[in-house]
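Notes for the one structure printed next.
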Amino acid sequence: MKLSIIVPCFNEGEGLKEFHQALKKVLETVNTENEILYINDGSTDNTQAVLKEITASDPEAFYMTFSRNFGKEAAVYAGICNVTGEYTAVMDADMQDPPEMLVKMLEILKQGEYDCVAARREDRTGEPPVRSWFARKFYQVFNYISDIKIPDGSRDFRVMTRQMTEAVAAMAEANRFSKGIFEWVGFRTYYIPYENRNRQKGSTKWSFRKLFSYGVGGIIGFSEAPLSFVSWFGILMTAVAVVMLLFVIVRKLIFGDPVAGWASTICVIIFIGGLQLFCLGIIGQYVARIFTETKNRPHYIASESNLKDARMIR
Ligand code: UDP
Ligand code: MG
C-alpha cells in the first residue's frame, strides 16, 4: 500500500527537518510504502537547501520547487497532480497538523467505509479572538448560502483515496478553495476532532486581509446567493420607489406642491447611490473571477524537482 503525503512549504526552513523526522517516526509504525512530496512554494529562506538535504538522504522524500510563490492552494494542487499513491495525505509543514493523527486516519480509511478522513479543530485556542469570530461567522454564512456544507474547524489536513484524489485533480478552477472542493467532489468523509495546536517554528503566512479575501473567494466560488441577493434587493427597492411615488402624487393632488425636503432628497440619493455601488461590487467580484478563469493560466510553474515524470506546469 502506497501513501503519498503532500506538504506545501513557504519559508518553513526553520522547522522542516524536525517535521520530517516526526513524520518518518509515525510512518514507521503504519507499514506503508511512502512518497513524501514537499512543494517549495517559492520560499525565500533556506527551505530549498533543507529540502535538498532531506531528499538526498531519504529515498521516500521528494521536492518540487516553484518558480515563485503561487500560494498554498496552488502548492496543494501541484501535489495532487503529481502523487501516485493509493492514499493521498495533505498536511502543513508547521506541525499544526499532528503527524500521529495519520495512524488513526489510515486505520479508518482501510476499513473501507470512508473515502476520506479529515481533521477538524474543536477549538481555536491561541488564535486572536477577532479572527476566531470571523472564522465562525464565515462557516455559518457559507453553510447557509452554499449547497455544500463545511464543518466548522475543518482543516485541509486529510487522507483520501486515489479515487477522490483524481476527482480533486479534475477540479481545475483557478480560484481554488480546497475546503469547498473537498466537499464538492462528494464521497464519504469522516471527521476526527482534535485540539488545536500552535505553530512550532516560523510564523503564519496569512494576514487578516489575505484570509478575508480568501473567505470571500470561497463564498463566491461555491455560491450564487450574493447574486440573487442583488436582484431581489433591486426588486425590493423598485417596489419601495413605486410606493413613494404614489405617496408624492397623492400629496401633490391634495396639498399642492410646496418645495420642501431638499435634505432628505439628498440623503435618499446618496443612500441609493451607495447601495448601487455595493451591488455592482458584488457583481464585480464574480466578473473578476470569470476574468481569471477565462485567462486559463497555469496554476503553478515549477522550476525544479527530483520527482520522476514531474508535471512541471499545470
Ligand atoms: N503555505 C504555502 N504557500 C503560501 C502560504 C503558506 O505553501 O503562500 C504553506 C505553509 O508553508 C504551511 C501551510 O501552507 O505549510 C499553512 O500555512 P500557515 O501555517 O502559514 O497557515 P495557518 O496554519 O496559519 O492557517
Ligand atoms: Mg499553520
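When you take every Cα atom in segment 1-122, what is the radius of gyration, and what is Dmax, the widest Cα pair distance, in Å?
Rg and Dmax of segment 1-122, Cα atoms, are 13.8, 42 Å.
What net charge do the residues around residue 195 carry, taking every other residue with its C-beta under 12 Å from that of residue 195, with Lys and Arg at +1 and Asp and Glu at -1?
Residues close to residue 195 contribute a combined charge of +2.
How much solvent-accessible surface does residue 280 expose, in Å² to the nearest 10, with a 1.4 Å probe and all protein chains in place?
Estimated to the nearest 10 Å², residue 280 gives 110 Å².
If you restrict to DSSP beta bridges whose two residues both lie in the chain, what percentage is antiparallel, to the nearest 5?
Counting only bridges with both partners in the chain, antiparallel ones make up about 35 percent.
Taking Rh as the Kirkwood radius, which is the inverse of the mean 1/r over Cα pairs, what is the Rg/Rh value for the chain?
Rounded to two decimals, Rg over Rh is 1.13.
Take each complete run of DSSP H in the chain, measure how far its Cα atoms stretch along the helix's own axis, and keep only those covering 18 Å or more with mean Kyte-Doolittle hydropathy at least 1.0; list them.
Helices meeting the criterion: 225-255, 262-295.
How long are the semi-axes of the equivalent ellipsoid of segment 70-182, taking √(5λ) for every eigenvalue λ of the Cα gyration tensor, in whole Å from largest down?
23, 18, 15
My understanding is that a pair violates if its Cα-Cα distance is over 27 Å; which of 25/110; 201/308; 24/210; 52/72; 149/295; 110/210 do that in this structure?
201/308; 24/210; 149/295; 110/210
Once you have the Kirkwood Rh of segment 176-299 from its Cα pairs, apply Stokes-Einstein at 37 °C and 0.692 mPa s and quote D in µm²/s.
166
In a shell of Cβ-Cβ distance under 13 Å around residue 47, excluding residue 47 itself, what net charge do Lys and Arg (+1) and Asp and Glu (-1) give?
-3
Sorted from largest to smallest, which semi-axis lengths in Å does the alpha carbon gyration tensor of segment 99-157 give for its equivalent ellipsoid, taking the root of 5 times each eigenvalue?
Equivalent ellipsoid semi-axes, largest first: 26, 17, 6 Å.
Can you give the extra length, in nm with one decimal, that the chain gains between residue 248 and residue 132 once fully stretched, where that is 0.36 nm per residue apart less the Cα-Cα distance?
Contour length minus Cα-Cα distance gives 36.9 nm.
Given a 1.4 Å probe and the protein chains all in place, what does the accessible area of residue 248 round to, in Å² to the nearest 10?
Accessible area, nearest 10 Å²: 80 Å².
Quantify, in whole percent, the carbon and sulfur part of the accessible surface of the chain (1.4 Å probe; protein heavy atoms only).
Answer for the chain: carbon and sulfur cover 61 percent of the accessible area.
Per residue, how much accessible area does segment 57-202 have with a 1.4 Å probe, in Å²?
44
The values are calculated or read from the model by the stated rules, or taken from the named source; none is laboratory data. Treat the numbers as computed from the prediction; the structure is a model and nothing was measured. Heads up, the Cβs are rebuilt from the backbone with ideal geometry, glycines too, and the neighbour counts pull from every protein chain shown. Areas reflect the complete protein model, heavy atoms only, side chains present, ligands, DNA and RNA absent. Shrake-Rupley method; radii C 1.70, N 1.55, O 1.52, S 1.80 Å.
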